[in-house]
Amino acid sequence: MGLFVKKKVEETISDKSEEYVLKEELETEVENIQKEFRIKQEELNEITQKIKTVKEEYNYIVSNLMVVKKEINQQKMELDVVSLEHRRISKKIKNFEQIKDSNDVSEFNKSEEDATDDDFEDQQVSQEIDQQNDHLEHTTEHRVKSSLIDLFA
């Protein structure tokens, strides 16, 4: 009878040691998974911070770009106004020179009518330029907004 008791004790000890080994392996695996999770979480936080920084830089650059674009549009409009004024004054000078050479009063009256017509044409051209600049500004603003939406969507 003594033989069977020893065998049962050895089986119980071996069962307990197998359970202990499995338990140790599971604990080790859980610790490894937790370490891996922490590492991945840190990497995710770093990437999120980089994305935030890039987004802030992008917004800064886009806002500066819009300011520069507005300045350029303003300068273009000023240049257009100066060009129209230059053209109008050049025509007047040319007309005055013709009148001076011909000394004809009727020529003078005709040139005044032409100058009035030129002023009307200049106003129309100026209005068209303003409309085109407005359209360009709205189109560019729409494109920038679309780009921002696409970038952060």
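A few comments on the model shown:
- The set of residues in the range 69-117 that are modelled with pLDDT of 85 or more and more than 30 Å from His135 (Cβ to Cβ) comprises Lys92, Ile93, Lys94.
- Residues of the range 51-105 satisfying the condition of being touching a helix residue (DSSP H, G or I) at 6+ places or on another chain (Cβ under 7 Å) and free of Cβ contacts under 8 Å to residues at least 40 places away in the same chain: Arg88, Lys91, Lys92, Asn95, Gln98, Ile99
- Within the range 137-153, residues that are under 23 Å from Glu71 (Cβ atoms) and at pLDDT below 70 sit with their Cβ atoms under 9 Å from residues that are of a type in the set (Ser, Thr, Tyr) and in a helix (DSSP H, G or I), at 6+ positions apart or across chains, in these pairs: Leu148/Tyr58.
The values are calculated or read from the model by the stated rules, or taken from the named source; none is laboratory data. Predicted model, so just to flag it, every value in this text is computed and none were measured. Neighbour counts are summed over all protein chains in view; Cβ atoms, including those assigned to glycine, are modelled from backbone coordinates with ideal geometry.
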